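Below is one structure, written out as structure tokens, with a few remarks after it.
Throughout, read-outs are computed from the coordinates displayed, never taken from laboratory work. Bear in mind the structure is a predicted one, so any value in this text is a computation, not a measurement. All Cβ positions, glycine included, derive from the backbone under ideal geometry; neighbour counts span all protein chains shown.
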Amino acid sequence: MDAVEILLVEDSPTDAELTLRVLRKNHLANRVVHVEDGEEALDFLFARGAYTGRNIELRPRVIFLDLKLPKIGGLDVLKTIKADALTRTIPVVVLTSSKEESDVIASYALGVNSYIVKPVNFDRFEEAVTHLGMYWLLLNQLPS
Amino acid sequence: MADQENHISEILDHLLEGCQIIGYDWQYLYLNDAACAHAHLSREELIGHKMMEVYPGIEITDMFQQLNKCMEQRQPVRFSNDFSYPDLTSGSFEISVIPVKEGILVTTLDQSMERERSIAENESGMAGNPLAESENRFRTLIDQAPIAIAVSRESKFMYVNPAYLAMHGLSNLAEIMGRPIYERVSAQSLEESKERAYRRLHGQFVKETYEYTGLRVNGSEFDALASVTRVNLVDGLATIGFFQDISELKHAQQEIRASEARYRNLFDNMLEGVALCQMVYEDGRPVDFIYLHINEAFSRLTGLRNVEGKKVSDIIPGVNETNPELFEIYGRVTLTGNREKFETYLPALKIWLIVSVYSPETGKFVTVFENSTARRQAENALKQSNEELEQRVRERTAELSDLYNNAPCGYHSLDAKGVFVRINDTELNWLGYTRDEIVGKKKFTDLVTAESLLTFEENFPGFIKRGWVNNLEFRVVCKDGSILPVLLSGTAVKDSEGNYLYSRSTMIDNTEQKRGETARQETQKRLEAANVELEAFTYSVSHNLRAPLRAIDGFSRILSQEYAGDLDSEANRLLTVIEANTRRMDQLITDLLNLSRISRAGLHFSDIDMTSLATSVFTEISTPEIRQEFSVQIDPLPAANSDLNLIRQVWSNLLSNAIKYTRPKAERLIEVGGYLEKDSLIYYVKDSGVGFNPAYTNKLFGVFERLHKAEEFEGTGVGLAIVRRIINRLGGLTWAEGKLDQGATFYFSLPVKNNK
């Protein structure tokens with residue numbers, strides 16, 4: 001497998017499609033891995049389950065994480081990612097429709113790098129995702 | 001010189017006349033032989049002694065007065081004097097007194113010898129006359145008699161004896177001889193004396209004895225007793241009288257009479273009855289007595305009159321049977337002479353008597369008694385009244401005791417150490433103890449939980465000092481171990497110095513309250529749980545509603561973006577409509593979420609600087625362009641005490657409305673102000689915007705109500721509903737004024753004092 005740039009953890013197919021569309025538009029969709037639940041996300045990151053054999057060193061440059069996920073919830077995924085030395089250094093952007101203060105607080109408490117609320121308005125949505133892609137993939141510096 | 005003195009002395013000693021010098025202090029300084037002879041004393045007995053020493057009583061004699069006259073006035077005096085010696089002899093002298101430098105010089109010439117000589121001459125003339133001898137003897141008797149004797153003829157003094165002279169203050173016979181006898185009688189006795197004299201003269205009487213008032217030469221009067229009789233003297237009839245000064249006697253008699261009168265007065269007027277009685281014996285036993293003498297009170301107290309001289313058995317029949325003790329006691333007293341006192345009831349007279357009895361002489365006794373019937377009755381009445389009173393007190397105490405003991409709450413009293421000194425039945429029942437187990441044995445703190453012990457220790461000292469405590473919550477442990485929640489209130493009883501004595505405490509069963517509290521707490525918890533649930537529900541609803549909305553909007557946008565070329569204008573318009581509506585729905589969801597959150601949010605009150613709040617909110621919701629376009633005036637607003645976040649929302653909604661509805665106008669004015677009116681703080685946002693039809697004012701604050709078309713003004717119609725709901729929760733009111741196209745003013749009020 002090639003290097004992964006974005007791990008998109010999103011259970012809604014429509015949201016996923018819209019997000020990918022935008023990324024594609026911006027030529028950022030080349031190396032996007034899309035998983036549909038928290039378990040799969042962790043399997044991928046820790047190269048287990050369906051992803052056994054993956055090169056674990058090939059970490060994504062950013063994880064876009066939805067909170068409302070079946071099986072393992074987004075906050076638990078976040079917790080796991082930030083708890084493990086292997087995955088801690090990967091920037092996590094929570095991309096969720098929840099504006100709830102409690103979710104924001106919880107996320108930052110777990111060490112989230114950014115918290116973005118998905119606008120309903122597509123134009124804004126497009127804008128947000130573009131910015132995210134630009135920022136985290138092109139602007140943000142990661143350790144080699 | 002000594003020779004000359006001796007020579008003079010010799011001459012003086014040979015003189016017939018007595019010569020004596022008496023000092024100013026009446027000491028005999030010198031006497032010649034004749035003076036000693038006249039004095040019937042030796043020189044040693046006289047020289048150096050005072051005259052009053054030698055002749056006691058001499059100061060009262062006339063002779064002394066004469067000597068004193070010379071001694072004091074320093075004038076020569078000459079007089080005759082009949083002198084009676086202590087040895088009962090007498091002498092008659094002619095006395096001259098002259099003042100000398102040592103005192104007085106007295107010369108005495110003995111005239112008795114003269115008199116004796118003349119008498120002897122007379123006697124020698126009638127020598128051998130036995131009658132004359134007899135008369136002489138009588139004369140001597142009379143002269144020496146201790147009683148005053150006067151002889152008179154035709155009411156004139158013929159002769160008086162020295163005793164008579166002395167009684168009347170006369171010095172010698174010459175002063176009275178031949179004088180009328182009435183001169184020696186006082187004015188008040190004069191008339192009577194004259195009558196007697198007349199009777200004596202013309203009547204046939206031999207002697208009489210009578211009292212009269214005598215008159216001394218110095219004018220003083222005295223009571224006298226006269227015994228007078230006619231006598232046949234040698235030379236004719238005369239009256240001889242024997243007189244006695246009975247002043248003292250009369251005085252004594254008066255005293256006795258006065259004393260008797262006093263006792264009589266007492267006897268007659270005293271309130272107690274007195275009876276002097278004679279005991280009557282039969283076979284040596286006292287069986288009766290005779291009333292000898294009774295006083296007025298006796299009759300008044302007993303109702304018996306005319307009892308003197310009568311036997312009691314006659315006056316009070318049957319008294320022997322009804323009151324045998326009387327005879328017993330009187331008999332004993334009469335016999336022993338001891339005093340006794342007793343109380344008895346006489347059925348015959350229906351009276352109670354308190355009697356004191358003593359015996360003044362053998363066989364007699366005196367009773368002094370008072371009628372104690374009235375007193376006994378009064379005593380009985382008092383006793384009865386006391387009993388009634390005590391009965392009432394008992395009843396009242398029982399009443400109060402009942403009220404205390406059976407009150408619907410617990411009463412108890414604690415001393416300064418917190419020990420029970422008193423407790424009512426109700427409290428005992430609640431606690432399940434007996435009174436013996438509690439009073440004086442247990443402290444209040446022995447019966448409470450550990451937690452309540454702290455409450456007690458914290459509050460008791462303050463209670464003692466302050467004197468009261470109200471509604472303290474305690475949890476009391478009953479005898480069976482169950483816990484009773486109670487409310488305790490109390491006041492402190494203190495002594496006059498302010499020292500704590502004991503408490504008056506009420507204990508109220510707080511079980512219901514506590515249960516209610518628990519119920520309320522549970523209800524509260526349930527409400528909170530429900531709220532949390534609702535919150536979660538709302539959250540999930542909004543999230544779930546939003547996701548599809550996002551898809552609708554997204555995909556239609558993609559469609560219009562990427563397939564615009566393939567679509568005609570109508571198709572594009574349709575897509576626009578779809579997009580617009582999804583956005584609207586999103587807004588609706590947001591607004592609904594807000595609205596529901598308003599109702600559920602907890603309120604946190606704090607002081608709010610409304611002026612700076614309104615200003616900062618305006619800055620937040622507006623852009624620099626808007627701020628340029630608008631003329632905004634925010635007046636100094638009164639501070640409020642309310643929930644900061646909710647008020648912020650209110651300002652946000654009102655101000656954004658103002659901006660929104662004024663933007664289309666040429667004149668863009670927004671005015672924000674506030675003032676205090678009675679108990680409310682009124683705030684307003686006034687704009688120069690499009691206003692509204694006042695006919696629809698009541699719809700303004702309704703949910704989703706709009707008075708303008710959606711295409712004119714965006715908005716879901718929830719903004720004002722939110723404002724109203726917030727303000728209502730905070731205890732205020734909302735209202736608005738406006739005219740079409742002439743702007744609108746939106747008001748909200750807040751209470752000055754926040755009350756939840």
Place a label point 7 angstrom from the Cα of B:Cys478 along the Cα-to-Cβ direction, then list the residues of region B:432-456 whose backbone nitrogen is under 11 Å away. B:432-433
With both bridge residues required to lie in the protein assembly as shown, what share of the DSSP beta bridges run antiparallel, to the nearest 5%? 85
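Provide the gained length on full extension for the span B:Ala378 to B:Ser540, in nm with one decimal, where the gain is 0.36 nm per separating residue minus the Cα-Cα distance. Numbers along the way, then the final one.
Numbers: separation 162, 0.36 × 162 = 58.32 nm, distance 9.97 nm.
Extra length from B:Ala378 to B:Ser540 when fully extended: 48.3 nm.
Given a Förster distance of 56 Å, report the FRET efficiency between B:Asp25 and B:Ala238 from their Cβ-Cβ distance, rounded to the nearest 0.05.
0.75
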What is the extension gain from B:Asp609 to B:Ser227, computed as 0.36 nm multiplied by their sequence separation minus the C-alpha to C-alpha distance, in nm to one decimal? 123.6 nm
Two-site label geometry, B:Leu292 and A:Met134: point separation in nm, points 7 Å out along Cα→Cβ: 15.7
B:Leu15 and B:Leu453 label points (each 7 Å along its Cα→Cβ direction) are spaced in nm at 13.0
Provide the packing ranking of B:463-469, B:564-570, i.e. peptides ordered by the mean count of other C-beta atoms within 10 Å per residue, highest first. B:463-469, B:564-570
Give the residue from B:Leu527, B:Thr538, B:Ser560 lying farthest towards the positive end of the charge dipole for region B:510-600; charges sit on Cβ (+1 for Lys and Arg, -1 for Asp and Glu) and the dipole is referred to the Cα centre. B:Leu527
Along region B:21-27, what does the Karplus equation 6.51 cos²θ - 1.76 cosθ + 1.60 (θ = phi - 60°) give for ³J(HN,Hα), rounded to whole Hz, x for Gly and Pro? 10, 10, x, 4, 8, 6, 7
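Report, in debye and to the nearest 20, how large the dipole of region B:406-509 comes out about its Cα centre when Lys and Arg carry +1 and Asp and Glu carry -1 on their Cβ.
On the way: 12 positive and 14 negative charges, 45 e Å.
Dipole magnitude for region B:406-509 comes out near 220 debye.
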Exactly which GluC sites (Glu not before Pro) in region B:326-398 are in a DSSP loop and have at most 12 other Cβ atoms within 10 Å? B:Glu361
B:Arg332: net charge of surrounding residues, Cβ under 15 Å, Lys/Arg +1, Asp/Glu -1, itself excluded? +1
Sort B:Val476, A:Val32 so the one with the fewest other Cβ atoms within 10 Å of its own Cβ comes first. A:Val32, B:Val476
If we count other beta carbons within 10 Å of each Cβ, what is the order of B:Thr734, B:Thr336, A:Thr19, B:Thr745, fewest first? B:Thr336, B:Thr745, B:Thr734, A:Thr19
Given the DSSP H assignment, sum -39500 (n - 2.57) over each helix run of at least 4 residues in chain B and divide by its residue total; what's the result at 222 nm in deg cm²/dmol, nearest 500? -14500 deg cm²/dmol
Angle, helix B:187-202 long axis vs. longest principal axis of chain B, Cα atoms, 0 to 90°, nearest 10? 30
In square nanometres, what is the average projected area of the Cα convex hull of chain B? 95.9
Binned at 5 Å from 0, what are the whole-percent values of the Cα-Cα distance distribution for region B:601-751, short to long? 2, 9, 20, 24, 21, 15, 7, 2, 0
On C-alpha positions alone, give me the angle between the axis of helix B:247-269 and the longest principal axis of chain B, in degrees, nearest 10. 40
Give me the distance in nm between label points sitting 7 Å out from Cα along the Cα-to-Cβ direction at B:Glu399 and B:Leu733, one decimal. 5.5
Which cross-chain or sequence-distant (5 or more) residues have an amide H under 5 Å from the amide H of B:Leu233, H modelled 1.01 Å from N in plane? B:Ala238
Provide the gained length on full extension for the span B:Glu340 to B:Thr576, in nm with one decimal, where the gain is 0.36 nm per separating residue minus the Cα-Cα distance. 70.9 nm
Expected integer from the mean partner chain Cβ neighbour count at 10 Å over A:98-106 is 2
Hey, if you put +1 on the Cβ of every Lys and Arg and -1 on every Asp and Glu Cβ in the protein assembly as shown, which of B:Gly732, B:Gly331, A:Thr96 ends up farthest toward the positive end of that dipole? A:Thr96
Please find the FRET efficiency linking A:His27 to B:Lys665, where r is the Cβ-Cβ separation and R0 is fixed at 51 Å, and quote it to the nearest 0.05. 0.60
Taking the beta-carbon count within 10 Å as an exposure proxy, list B:Thr397, B:Thr426, B:Thr229 from fewest neighbours to most. B:Thr397, B:Thr229, B:Thr426
With an 8 Å Cα cut-off and a minimum separation of 6 or more residues, compute the relative contact order for chain B in percent. 4
Shape verdict for the protein assembly as shown, please, from the Cα gyration tensor: rounded (a/c under 1.5), prolate (a/b greater than b/c) or oblate. prolate
Roughly speaking, what is the centre-to-centre gap between region B:486-549 and region B:257-300 when only Cα atoms are used, to the nearest Å? 96
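Find the relative contact order for region B:270-371 and round it to a whole percent, using C-alpha pairs within less than 8 Å whose residues are 6+ positions apart.
Over region B:270-371, the number comes to 29 percent.
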Taking R0 as 51 Å and r as the Cβ-Cβ distance between B:Gln742 and B:Gln524, the FRET efficiency 1/(1 + (r/R0)^6), rounded to the nearest 0.05, comes to 0.55
Just to confirm my numbers, what's the Cα centroid distance between region B:397-458 and region A:14-92 in Å? 73
